[in-house]
Amino acid sequence: MNILLTSAGRRVSLLRAFRRAVENLKGSKIMAADCDPTAPTLIEADESFILPRISSDKYIEELINLCERKKIDLVIPLIDPELPLLAGSKGIFCKIGCTVAISSPETVNIGNDKLATWKFFTSNNIPAVQTFTKEEVQAKLKRHELSLPVIIKPRCGSSSQGIIKCDTKDQLSFYISMEEDVIIQEMLLGPEVTLDIMGDGQGGLLALVPRKRLKIRGGEVERGITVDDGLFYDYVVKIVQKLKPFGAINIQCFITRRGPVFTEINPRFGGGYPLSDAAGAQFPEMLIALSRGEKVKPRIGQYKRGLLMTRFDEAFFISLENDPLGNSLMKL
């Protein structure tokens, strides 16, 4: 079983989880690809490769060639910008015997577009954060109908980039005049919880692990703790039945005075998945079995509650003194 993590970046813990999952599959390799040759996960992988940036016209072509050349069985995409590309090309990979761990283009588009996410939640009676377009907010400001503070977000942003809190009408008017494709949301108060979810692609829920976010750094959870799934289970079943995700996705919500209020859908492995994995989630094992056409038994509720994750930085040290890459990096 050859598995490739794309846009692998710093996802060393996830790579190690997949390596554990193939321990009993002889000859298996866990490979990684990135556009940056200094990405840490490339060092940890059994084999590593440099691909063009996702914005390149050659990205999909070169990725397909790599998968064909290295006989890749399963591709795990890891960042938001590549998801629409891979969702739309899933059939091409299938023809060369490669499964891409990604949902349908429709599901990916709902997750990548925060306005579409809100419309999905509200149309399916899922409690969702109040969300407005720029034009709706401008009209509400004129009628003095908007409660502050609010949060401005890029409509298709990721990794918590470009998020602005506005406490006053003047701040809000200024920022929405400067930004084009944004949405405005009410500011929610309460604990934030990420729900790691495994779907079978047919509307079936295979696993659910909720984890409360205790500390965030650079848009990714640094400290978190697993919590009980009782508050979320019925909502997640409904969401999965409608979205039909294939593989790992994560959904974010806040626990407010009115109960869980859902905010985002990320149709990929979350950055904090290692906590769920340590708690017994076994998403890599299930995903490998799905890609091999095997029947996967749901593992609902089979994880450890109250497991705390507190992360710290590790480092790889590699001598590049006589390497062309080292020469280019050492230039001043």
Of the residues that make up region 173-190, is at least one among the hydroxyl-bearing types (Ser, Thr, Tyr) and either outside any helix (DSSP H, G or I) or at positive phi (or both)? no
Within region 261-274, is there a residue that is in a strand (DSSP E or B) and among the aromatic types (Phe, Trp, Tyr)? yes
Can you go through Arg299, Arg258 and tell me which one is among the charged types (D, E, K, R) and farther than 22 Å from Ile183 by Cβ? Arg299
Of the numbered conditions (1) surrounded by 13 or more Cβ atoms within 10 Å (Cβ to Cβ); (2) over 30 Å from Ser104 (Cβ atoms); (3) polar (S, T, N, Q), Gln185 fails exactly one; give the number of that condition. (2)
List the helices (runs of 4 or more DSSP H) that sit entirely inside region 1-92 and contain at least 2 residues that are of a type in the set (Gly, Ala, Ser) and crowded, with 19+ Cβ neighbours inside 10 Å. 12-21
Tell me which residues, restricted to region 275-297, are part of a helix (DSSP H, G or I) and among the hydrophobic types (A, V, I, L, M, F, W, C). Leu275, Ala278, Phe283, Met286, Leu287, Ile288, Ala289, Leu290
What residue, among those in region 155-171 that are open to solvent by less than 60 Å² (accessible area, probe 1.4 Å) and at pLDDT 90 or above, is nearest to Gly271 (Cα to Cα)? Ile164
Restricting region 222-259 to residues that are surrounded by 22 or more Cβ atoms within 10 Å (Cβ to Cβ) and within 17 Å of Gln185 (Cα to Cα), which is farthest from the chain's Cα centre (by Cα)? Cys253
Residue count, region 281-298 (criterion: closer than 13 Å to Leu206 by Cβ, open to solvent by less than 50 Å² (accessible area, probe 1.4 Å) and touching a residue at least 60 places away in the same chain (Cβ under 8 Å)): 8
Residues of region 218-249 satisfying the condition of being at pLDDT 95 or above, in a loop (DSSP other than H, G, I, E, B) and either on the phi > 0 side of the Ramachandran plot or touching a Phe, Trp or Tyr at 6+ places or on another chain (Cβ under 7 Å) (or both): Lys244
For region 302-326: of the residues being hydroxyl-bearing (Ser, Thr, Tyr) and assigned to a loop (DSSP other than H, G, I, E, B), which is surrounded by the most Cβ atoms within 10 Å (Cβ to Cβ)? Tyr303
As an exercise: evaluate Thr117 against (1) touching a residue at least 40 places away in the same chain (Cβ under 8 Å); (2) out of contact with any Asp or Glu (no Cβ under 9 Å at 6 or more places or on another chain); (3) β-branched (Val, Ile, Thr); (4) under 30 Å from Ser7 (Cα atoms) and give the number of the one condition it does not meet. (2)
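The values are calculated or read from the model by the stated rules, or taken from the named source; none is laboratory data. The structure displayed is predicted, hence computed values, not measured ones. Heads up, the Cβs are rebuilt from the backbone with ideal geometry, glycines too, and the neighbour counts pull from every protein chain shown. To get the accessible areas, we keep the full protein, side chains included, count just its heavy atoms, and leave off ligands, DNA and RNA. Shrake-Rupley method; radii C 1.70, N 1.55, O 1.52, S 1.80 Å.
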